[in-house]
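The values are calculated or read from the model by the stated rules, or taken from the named source; none is laboratory data. Every value quoted in this text rests on a predicted model; they were computed, and no experiment measured them. Cβ sites come from the backbone with ideal geometry, for glycine too, and all protein chains shown count toward neighbours.
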Amino acid sequence: MFEGKIIRFYREKYQMTQEQLGKGICSGTHLSKIERLQTEYAPEIITLLSERLGINMDEEILKLKNIKKRLDYWHDVIIKQLFDEVEQIYYELKQEDLIQISNYVNLYQLLCVRYLLMNHLTGEACGIINEIQESEHKLSPYETNLYKHVLGVYFLAKHEFYEAFQSLKAINEEEYPNQEYYYHLAAAYHSNELPVMAYFYAGKARQFFKNINSYLRVIDAEMLMLIQIKDDGDFNDTIKGFNNLIHSCDSCNSPERKARVLHNLAFEYFRRMNYKLASKYYYESMMLKDKESSPYLLSLEGYIRSSFDGGLLTKNELFQLVEEGLHTSKNMNDQLYINLFTLLCYLIQNKEQEYYQYLTDNSLPMFEKYGFVYLIQRSKKELFNYYSKMKRSCDALKLADIIINH
């Protein structure tokens with residue numbers, strides 16, 4: 001069953017014609033039928049063809065049969081985010097030529113996208129996604145739903161939250177038992193400022209992660225649940241929850257997760273106008289992140305804003321930080337952070353008119369295009385206050401109507 005496919009693969013790999021490979025063993029016509037599984041053949045012929053190709057047919061058949069098992073295991077460690085194993089298997093599979101003639105090449109490509117997104121390589125991931133899209137009609141039901149899941153993760157990485165939500169909601173649970181997607185669906189709801197649904201799906205994800213004994217992912221789900229709680233009644237319970245998560249990250253030796261927890265804790269203090277503690281935790285989060293990454297820029301932006309609002313740093317210190325953020329954003333060609341740090345630049349220099357002009361002409365349209373709900377709401381509130389201050393009553397009323405109806 002497999003012999004013909006394997007012989008054809010290696011013959012083409014070594015750029016041999018059927019006549020060249022079959023010379024002295026069998027005719028080119030007979031070899032063509034063997035490769036296309038259209039004839040029976042003597043075992044001796046396969047042995048001779050294998051020897052000429054320099055392969056051990058039994059070993060090649062075993063490798064081909066094990067591909068699905070290896071892909072399933074790779075998917076499992078991707079879900080659990082066991083990075084060392086994910087990396088090791090990626091390079092092992094990359095050397096496995098037989099994947100290209102297996103029935104699982106699409107599954108392999110989809111998992112490669114997940115791997116690339118784990119490593120923040122969205123450009124390379126996009127290239128593979130475009131290739132898969134051309135043959136989407138050939139995917140199995142499971143692969144079709146995995147493709148929707150992968151698209152959801154990709155759109156989340158690109159900050160295209162509405163598209164992420166649409167892809168993840170289209171998944172058929174009966175055909176796709178990987179309930180990890182609940183976590184990404186919760187993240188999409190969170191990014192679209194829908195905390196009740198975000199909390200609900202994060203809870204379902206937490207149960208799934210418990211079922212597969214993935215404590216690291218349980219931390220992720222619990223953090224997502226925690227930041228949905230907006231009740232300011234007893235903030236001590238929220239702080240206790242964050243401290244428990246920080247302790248869990250330390251116990252699991254997961255600095256990347258700890259950085260995310262610290263960032264979210266900083267935001268909780270920021271929205272309560274405790275700028276000193278917000279600044280402290282944003283800074284601690286930054287120190288655990290790669291300076292050339294979007295997560296670092298996110299925390300840096302929060303650190304600058306909280307330090308500015310709290311009067312915690314001098315104008316020169318703030319401006320140096322903004323220049324750092326703007327320089328990195330431009331190197332990464334990240335339009336979101338170019339906008340955010342440009343706004344901060346105007347804010348710190350007290351260029352009020354330029355700030356609101358840039359916010360109106362550049363930033364708000366971009367926020368609306370990509371669905372940055374929190375930034376849209378913040379921007380509209382800032383503009384409303386500015387219009388009111390400048391006695392532009394007509395503009396203020398129009399904006400107030402939009403905010404209320406939204």
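Which one is farthest from the chain's Cα centre (by Cα), of the residues in the range 329-352 that are surrounded by 20 or more Cβ atoms within 10 Å (Cβ to Cβ) and hydroxyl-bearing (Ser, Thr, Tyr)?
Checked the range 329-352; the qualifying residue farthest from the chain's Cα centre (by Cα) is Thr342.
Taking the stated definitions as given, is Asn253 assigned to a loop (DSSP other than H, G, I, E, B) and polar (S, T, N, Q)?
Values: assigned to a loop (DSSP other than H, G, I, E, B): yes; polar (S, T, N, Q): yes.
For Asn253, the condition - assigned to a loop (DSSP other than H, G, I, E, B) and polar (S, T, N, Q) - is met.
Can you tell which of Glu134, Glu51 is farther than 30 Å from Asn253 by Cβ, without any contact (Cβ under 8 Å) to a residue 40 or more places away in the chain, surrounded by fewer than 17 Cβ atoms within 10 Å (Cβ to Cβ) and in the same structural domain as Lys23 (by TED's automatic domain parsing)?
Of Glu134, Glu51, the one residue that is farther than 30 Å from Asn253 by Cβ, without any contact (Cβ under 8 Å) to a residue 40 or more places away in the chain, surrounded by fewer than 17 Cβ atoms within 10 Å (Cβ to Cβ) and in the same structural domain as Lys23 (by TED's automatic domain parsing) is Glu51.
Filter the range 293-305 down to the residues that are buried (at least 21 other Cβ atoms within 10 Å of the Cβ) and polar (S, T, N, Q) and list them by number.
Scanning the range 293-305 gives a single hit, Ser299.
Among Lys69, Lys65, which is surrounded by fewer than 16 Cβ atoms within 10 Å (Cβ to Cβ), in contact (Cβ under 8 Å) with a residue 24 or more places away in the chain and farther than 30 Å from Gly24 by Cβ?
Lys65
Among the helices (runs of 4 or more DSSP H) lying completely within the range 6-117, list those that include at least 2 residues that are more than 44 Å from the chain's Cα centre (by Cα). It would help to see each step written out before you state the result.
Numbers: elements: 18-22, 28-35, 43-53, 57-79, 83-94.
Passing ranges, in order: 18-22, 28-35, 43-53.
Would you confirm whether or not the range 306-323 contains a residue that is of a type in the set (S, T, N, Q), surrounded by 15 or more Cβ atoms within 10 Å (Cβ to Cβ) and either without any contact (Cβ under 8 Å) to a residue 12 or more places away in the chain or on the phi < 0 side of the Ramachandran plot (or both)? Full working, then the answer.
Residues of the range 306-323 of a type in the set (S, T, N, Q): 306-307, 314, 316, 320.
Subset that is surrounded by 15 or more Cβ atoms within 10 Å (Cβ to Cβ): 306-307.
Pick out the ones that are also either without any contact (Cβ under 8 Å) to a residue 12 or more places away in the chain or on the phi < 0 side of the Ramachandran plot (or both) and you get 306-307.
Yes, some residue in the range 306-323 is of a type in the set (S, T, N, Q), surrounded by 15 or more Cβ atoms within 10 Å (Cβ to Cβ) and either without any contact (Cβ under 8 Å) to a residue 12 or more places away in the chain or on the phi < 0 side of the Ramachandran plot (or both).
If you go through the range 167-188 one residue at a time, do you hit one that is surrounded by fewer than 22 Cβ atoms within 10 Å (Cβ to Cβ), part of a helix (DSSP H, G or I) and without any contact (Cβ under 8 Å) to a residue 12 or more places away in the chain?
Within the range 167-188, not a single residue is surrounded by fewer than 22 Cβ atoms within 10 Å (Cβ to Cβ), part of a helix (DSSP H, G or I) and without any contact (Cβ under 8 Å) to a residue 12 or more places away in the chain.
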